[in-house]
1. Determine whether the range 74-89 contains at least one residue that is more than 8 Å from the ligand (Cβ to nearest atom) and outside any loop (DSSP other than H, G, I, E, B).
2. Please identify the pairs in which a residue from the range 203-226 that is on the phi > 0 side of the Ramachandran plot has its Cβ atom under 8 Å from the Cβ atom of a residue that is surrounded by fewer than 16 Cβ atoms within 10 Å (Cβ to Cβ) and of a type outside the set (Phe, Trp, Tyr), counting only partners at least 6 apart or on another chain.
3. Is it true that some residue in the range 209-218 is β-branched (Val, Ile, Thr), open to solvent by 30 Å² or more (accessible area, probe 1.4 Å), over 26 Å from TRP169 (Cα atoms) and modelled with pLDDT under 90?
4. I'm trying to understand the selection: among the residues of the range 108-117, which are within 16 Å of the ligand (Cβ to nearest atom) and open to solvent by 70 Å² or more (accessible area, probe 1.4 Å)?
5. Report, by residue number, each residue of the range 94-107 that is touching a residue at least 24 places away in the same chain (Cβ under 8 Å) and either more than 10 Å from the ligand (Cβ to nearest atom) or open to solvent by 70 Å² or more (accessible area, probe 1.4 Å) (or both).
6. Cβ-Cβ below 8 Å, separation at least six or inter-chain, first residue in the range 45-73 and open to solvent by less than 50 Å² (accessible area, probe 1.4 Å) and among the small types (Gly, Ala, Ser), second more than 7 Å from the ligand (Cβ to nearest atom) and part of a helix (DSSP H, G or I): which pairs?
7. Somewhere in the range 236-244, is a residue among the hydrophobic types (A, V, I, L, M, F, W, C) and open to solvent by less than 10 Å² (accessible area, probe 1.4 Å)?
8. Hey, among LEU371, LEU330, which residue is more than 16 Å from the ligand (Cβ to nearest atom) and out of contact with any Asp or Glu (no Cβ under 7 Å at 6 or more places or on another chain)?
Amino acid sequence: MSCNMRILLFAAAALLAVGPKTYAAEVTFYEDALPILQSHCQGCHHPGEGTPMSLLNYKEVLPWAKAIREAVLLKKMPPWYAEKGVGKKFSNDRSLSQEEIGTLVAWADTGAKKGDLAAAPPPAKFADSWSIGKPDLIVRPPKPYRIPSKGVIEYTYVIVPSGFTEDKWVSKVELKPSKREHVHHLIAWVRPPGSSYFEEYSVGDFFVPSVKIRERRREGEGKFERRQLLASYAPGGIPNRLEAGQARLIPAGSDFIFELHYTANGTAGTDRPQLGLVFSDGPPRQRVFTTAALNSKFVIPPNASNHRVEASLTMSAKAILLDMMPHMHLRGKSFEYRAVYPNGKSELLLRVPKYNFNWQLSYVLEEPLTLPKGTRIECTAYFDNSWSNPHNPDPTQEVRWGDQNWEEMMIGFISLAIDADQNPESVFVSNKPVNKGTPAVTGGNIPAM
Ligand code: HEC
C-alpha cells in the first residue's frame, strides 16, 4: 500500500471514530458484520461468481478482515461509481452507508470477534448461480471457444438459431461466460429473420468478420430490423431485471448471435458462454430495448489529460428511460448523462466522476424517467491520455475508436421502454451532431461493437 493510502485510511478511521455512533458495545461478526456482508457483498463473493474469495461465513471472512476494512474505507468495495447527491437515484446502488462502513471497520479493529451464532441472520440463498433464477431456456454456442495464451484476439462471432416458430417475450435474460478471467465482454444479439447482418456466414461456426462487414447494413434496413442487443456481459456487470409487464421481444425465426471478445492473459483457456432466458407470463404492456448515444469519430491527442468527447440522441416519440451504462476503455476518465427536455431544461441524470474500466456498471433508475418527444440525451466523456493515468497503455499515441483495450470507445448505453406494439425504429430522429469538434454518431446504430 502506498504511503498516501495509509494516510487516507488513517484519516478516514479517525473521522469515523468521532462519528455519531460509538462502539462501546462489542461489535461481532454474527450480529453486526454478517448482515452487511449478506446484503452488500455476498451477491458477488460466493462460490462460482469469479470473485477471489467467498465471504459467506466466519471462517471464510476472518482472514479478510483487514482487507475488508481497507476496501470499504477506500470505497473500492462494493464497486459503485455514481457520484452521490447529484443526478438520479438508482435501485441497484450497492454502496455502503457511512454507518455500515463504520461497523465493518470497528469489527476489524476490535479483533474481528465471532459473537453468538444464534444472533446470525439466516444464510442468504443463491439461485443455482443464475442471478435471474432458473432459466426457461439456455442457449449456448455448439462448442467451446479456444482462447489463446497470447496475441491480439479479434472480435469473434457465432450464430445459433432460436428455432422459435412464434414471437417470444423475455422478461429476464442473463449472459455469462464459463471462463471469466479472459473476458473483455460478451454480447448476445438477436438477428430477426430477413436481416442482412452476417448473412454470408453459416450457422454454428466461429468467425472473425472485418470491421467493414460488421458495420455493413442493407440500404434502407432499419437498425432494429438488422440486429437487437439482447444481453451483455462485462466484468462487474449485473443483469438488469425488468418490471412486471415489461419484456424484450425475440421475433419468430430469429437467430442469436454471440459476440465474443477475450483478452489474452498469458494462459490459454476455453469459454462456452450461456444465455439464460426467462419467458414472460403473458403479453407485456411495454417493450424494452437497449440503444446508445455514441461517438466513434473522436481523436484523442497524445498526452491529453482531459479530452472531451460528446454524443447525443434525440427522441422523436415518448419513451421511458430505465437504465444507463457508460462504456469506455482504459483511457476513460469520467462520464455524464443529461436529459435536455423540449422546453430547454437540462437535467443531470448520472455522473461517474472516476470511471473504472474493470467495472462495467449499469445504473438502474429507481424511478423510470419519462422522456417526452423531442428530449435529447446528451453524454459527455473525458479521456485521460497522459502519463498520470496509471492504466494508460501508451500516452504517446493518438487514440481513436477501436475494439481493443488500447484503442477507445465512447458509448452511453440506455435501455428504454415503449408501448409493446410500438416500433423501436420510430423512437429516434436522424443523427444530429451536437458537439464542437468531433462529430457525434447517434442513434441505435452501434457501429463496430
Ligand atoms: C459486484 C460484485 C462485488 C461486490 C458487490 C463486492 N465485491 Fe468485493 N470483489 C469483487 C471482485 C470481482 C473482486 C476482485 C477484483 C478486484 O479486486 O477488483 C473483489 C475484491 C474484493 C477484495 C479484495 C480487494 C483487494 O484489495 O485485493 C475485498 C477485501 C472485497 N472484495 C471485499 C468486499 C466487501 C466487503 C464487499 C461488500 C461491502 C464487496 N467486496 C462487494 C466483486 C464484488
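1. Looking through the range 74-89, none of the residues is more than 8 Å from the ligand (Cβ to nearest atom) and outside any loop (DSSP other than H, G, I, E, B).
2. The qualifying pairs are GLY204/PRO142.
3. yes
4. Correct list: ASP109 only.
5. Hits for the range 94-107 are GLN98, GLU99, GLY102, THR103, VAL105, ALA106, TRP107.
6. Hits for this filter: SER54/GLU60; ALA65/TRP107; ALA65/ALA108.
7. The answer is no; no qualifying residue exists.
8. Step by step, each of LEU371, LEU330 is checked, and only LEU371 is more than 16 Å from the ligand (Cβ to nearest atom) and out of contact with any Asp or Glu (no Cβ under 7 Å at 6 or more places or on another chain).
The values are calculated or read from the model by the stated rules, or taken from the named source; none is laboratory data. Given the structure is predicted, the values throughout are model-derived calculations rather than measurements. All Cβ positions, glycine included, derive from the backbone under ideal geometry; neighbour counts span all protein chains shown. Side chains included, ligands, DNA and RNA excluded: accessible areas come from the protein's heavy atoms. Shrake-Rupley method; radii C 1.70, N 1.55, O 1.52, S 1.80 Å.
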